[in-house]
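In what follows, a single structure is set out as structure tokens and then discussed.
The values are calculated or read from the model by the stated rules, or taken from the named source; none is laboratory data. Here the structure is a predicted model, which is why all the values come from computation and not from measurement. So basically every Cβ, Gly included, is an ideal-geometry build from the backbone, and we count neighbours across all protein chains shown. Keep in mind that these areas ignore ligands, DNA and RNA; they rest on the heavy atoms of the full protein, side chains included. Shrake-Rupley method; radii C 1.70, N 1.55, O 1.52, S 1.80 Å.
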Amino acid sequence: MFNLSPFQLRDLRILDCPSGASSFVAEASSTQYQIKEAVGCDLLYKEDDVGVLRNRGKEDLEYMVKQLSQVPDLYDWNIYSNISDLYEARNTAFEKFISDYKVDRLVTRKDKDEITKYKYIHAILPKLPFENEKFDLALSSNLLFYYHNMLDYQFHFNSILELLRVTSKEVRIFPCQKPDATFPDYFNKLLDNVGTRMNNKISFQIEKVSYEFRRGINKMLKIRKSE
């Protein structure tokens, strides 16, 4: 969904925020991708009891499938052949996440209070516990813009600035559309104000992605810092 090939990810320090119960960090941490570091942060990661987290994840997955089954025409079923196929794919990804999260919580740390020792970090936008430009690339999916009705302009402004603060090269946000495939009313104003705050040392690009599960939701916002 971010138009990134494994080659483009090589040797990068990547932040996935919010990461949720996705398998991105688990898969990116494998040696085959040669990624320098992959870190996920989410409200979900406050939970150390993996059993509780697993039950919550299963409940969320069941709820998601139930909701989608009521409005199947809103989705493109070329990616998943049917609801059962979707469930199996999401459940496989969830199990990869749970296994990796369990290892991450069980590994002995030299300093339990040193938050950056973990791959899965409890953190919430628009305030992240990372130093400036710790990461090369920040990815953010299925939060900003999509939940425009719950997260206001100021939240978006502060969150994008925070993602830029902890990133040295680029931020990618998918989708940058509302569920009806339109852009929020404040979209252009937001980009203008973020650009001004960053002294116009960033560039914006709206890019169509190949991933389109919900019909019409296929636009990503790419924000690149000047060299």
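Between D16 and residues 5 or more places away or on another chain, which pairs have amide H atoms under 5 Å apart, with H built 1.01 Å from N, and which residues are they?
V39, G40, C41, L139
If the cut-off is 23 Å between C-alpha atoms, which lysines fall inside it for K117, apart from same-chain ones fewer than 8 positions away?
By straight Cα distance, K117 reaches K36, K46, K96, K102, K127, K134, K169.
Count charges around N200 for me, please; just the other residues with Cβ under 13 Å from its Cβ, Lys/Arg as +1, Asp/Glu as -1. Let's see the in-between values first.
Working: positive: R197, K201, R224, K225; negative: D192.
Residues close to N200 contribute a combined charge of +3.
In units of 2.2 N^0.38 Å, what is the alpha-carbon radius of gyration of the chain?
On the way: Rg = 17.6 Å, N = 227, 2.2 N^0.38 = 17.3 Å.
Dividing the Cα Rg of the chain by 2.2 N^0.38 Å gives 1.02.
Mind checking which lysines have their C-alpha under 17 Å from K219, skipping anything on the same chain fewer than 8 residues away?
Correct list for K219: K178, K208.
Percent of alpha carbon pairs in the range 107-227 separated by more than 21 Å?
The share of Cα pairs beyond 21 Å in the range 107-227 comes to 41 percent.
Tally up the carbon and sulfur contribution to the accessible surface of the range 140-227 as a whole percent, 1.4 Å probe, everything protein left in place.
Using a 1.4 Å probe with all protein chains present, the range 140-227 comes out at 46 percent carbon and sulfur.
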